[in-house]
Amino acid sequence: MTRTAVWKLLERMRQLGYAVDARPRGGYRLAGIPDWPLPWEVALRLGEEESGARPIYFYPSIPSTNDAARQLAEAGAPAGTLVVADRQTAGRGRRGRTWQSPPGGIYLSVVARPRCQPSQAPVLALASALAVARAVEALSGQPAAVKWPNDVLVHERKLSGVLAEVAADQETLRWAVIGIGLNVEPVPAGEHAFPRPIGLVELGCRAHRAAVIARVVLELEGLLQRLDRSPAEAAAEVAREIEARLVWKGRPVRVDTLAAPVEGELVGVDASGALLLRVGTGETLRLFAGDVTLRARPA
Ligand code: BT5
């Protein structure tokens, strides 16, 4: 390469936030990488340095990574396609709720093409929450809990939320998009009165966002592969591991379902991803969607 070509590349790197020291007759030294989870930084940590191993899109700002990933999935993007953003302007939770997405957080969506049937979608959401919990535990050294179906909590405060969306034709799942939001810095207070969200920084985890994203994706894809290969065993494993981390297990809760709220004792989850709730009649209900809140124990 000519000197000018090298110089041009270094300028481009500096523009992207890389710090490069230059010493006359000595050469160049990489002195620092930008804080952004740029695609090649994520690929490097996935062990996929070869460019194009999987499509990774990075946006400094985007309405919602899930919306972008859904469009890509619909247009035929391969499984593993990743959409990452520094911030979202219209981050979504479940049931039309908002996901606060300030700059510097972790917002990612993965396109998956699981072989399971649409009825097995709930287990995908649970597997995704488990993947986040495992990654957080590995990176922070602290136990993570899961609030069914999709919240990852540490110290009973919400660190991460998962939004799993699927498209199906009759008996087959065309695609799934797994969206994960993970707080780095504390999220500005506002619509969250209780429990106050928590961020990775507060857990003492200062890993680069690209490393966190790679770890979450590797855990997630490991679980998805196992679900493809041996669905029954993998689903049972997911349920077991979720149960071990399940908040409010054995406690009286209320579940707001799309229909009426139901109250009972939270028994656990099963291999289809359903929440098991023992109600007053002694019967155990299986619930596939809803929001769980803790009830005060009756006096
Ligand atoms: C979720 O919904 O927890 C799923 C959040 C998924 C977000 C990711 S980010 C990447 C991808 N792109 C998207 O547009 N979405 C996904 P839900 O269980 O409905 O919880 C939403 C509730 O969590 C809100 O109503 C708030 O109370 C609370 N919340 C909002 N932002 C939060 C944050 N940053 N940290 C903790 N809690 C938050």
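Considering Asp21, Asp67, Asp35, Asp86, which residue is in contact with a Pro (Cβ under 6 Å, 6 or more places away or on another chain) and among the acidic types (Asp, Glu)? Quick ask: steps written out before the conclusion?
Numbers: Asp21 fails: in contact with a Pro (Cβ under 6 Å, 6 or more places away or on another chain); Asp67 fails: in contact with a Pro (Cβ under 6 Å, 6 or more places away or on another chain); Asp35 fails: in contact with a Pro (Cβ under 6 Å, 6 or more places away or on another chain).
Residue meeting the stated conditions: Asp86.
Would you check if there is a residue in region 223-241 being touching a residue at least 12 places away in the same chain (Cβ under 8 Å) and in contact with a Cys (Cβ under 7 Å, 6 or more places away or on another chain)?
The answer is yes, given that some residue of region 223-241 is touching a residue at least 12 places away in the same chain (Cβ under 8 Å) and in contact with a Cys (Cβ under 7 Å, 6 or more places away or on another chain).
From Arg29, Arg14, Arg54, grab the single residue that is of a type outside the set (S, T, N, Q), more than 30 Å from Gln71 (Cβ to Cβ) and not in a strand (DSSP E or B).
After applying the criteria, what remains is Arg14.
Determine, yes or no, whether Leu139 is modelled with pLDDT of 95 or more, within 9 Å of the ligand (Cβ to nearest atom), among the aliphatic types (A, V, I, L, M) and buried (at least 17 other Cβ atoms within 10 Å of the Cβ).
No; evaluated as a whole, the condition is false for this residue.
Determine which single condition Asn66 fails, assuming it passes every other condition in (1) part of a helix (DSSP H, G or I); (2) within 30 Å of Gly96 (Cβ to Cβ); (3) free of Cβ contacts under 8 Å to residues at least 40 places away in the same chain.
Result: Asn66 fails condition (3) only.
Is it true that Glu137 is acidic (Asp, Glu) and in a loop (DSSP other than H, G, I, E, B)?
Answer is no for this residue.
Only one of Asp151, Asp169 is free of Cβ contacts under 8 Å to residues at least 24 places away in the same chain and closer than 25 Å to Ile62 by Cβ. Can you tell me which? Lay out the reasoning, then the answer.
Working: Asp169 fails: closer than 25 Å to Ile62 by Cβ.
Residue meeting the stated conditions: Asp151.
Please work out if Gly80 is in a loop (DSSP other than H, G, I, E, B), more than 10 Å from the ligand (Cβ to nearest atom), surrounded by 15 or more Cβ atoms within 10 Å (Cβ to Cβ) and on the phi > 0 side of the Ramachandran plot.
Yes; evaluated as a whole, the condition is true for this residue.
Which of the strands (runs of 3 or more DSSP E) contained wholly in region 202-299 include at least 1 residues that are over 27 Å from Ser119 (Cα atoms) and modelled with pLDDT under 95? Break it down into steps so the answer makes sense when it comes.
Numbers: elements: 252-256, 261-269, 275-278, 284-287, 291-294.
Hits in region 202-299: 291-294.
Would you mention how many residues in region 12-27 are surrounded by 11 or more Cβ atoms within 10 Å (Cβ to Cβ), under 18 Å from Glu41 (Cα atoms) and charged (D, E, K, R)?
Residues that pass the stated criteria total 1.
The values are calculated or read from the model by the stated rules, or taken from the named source; none is laboratory data. Quantities reported herein were computed from a predicted structural model and do not represent experimental measurements. Note that each Cβ is placed from the backbone with ideal geometry, even for glycine, and that neighbours are counted across all protein chains shown.
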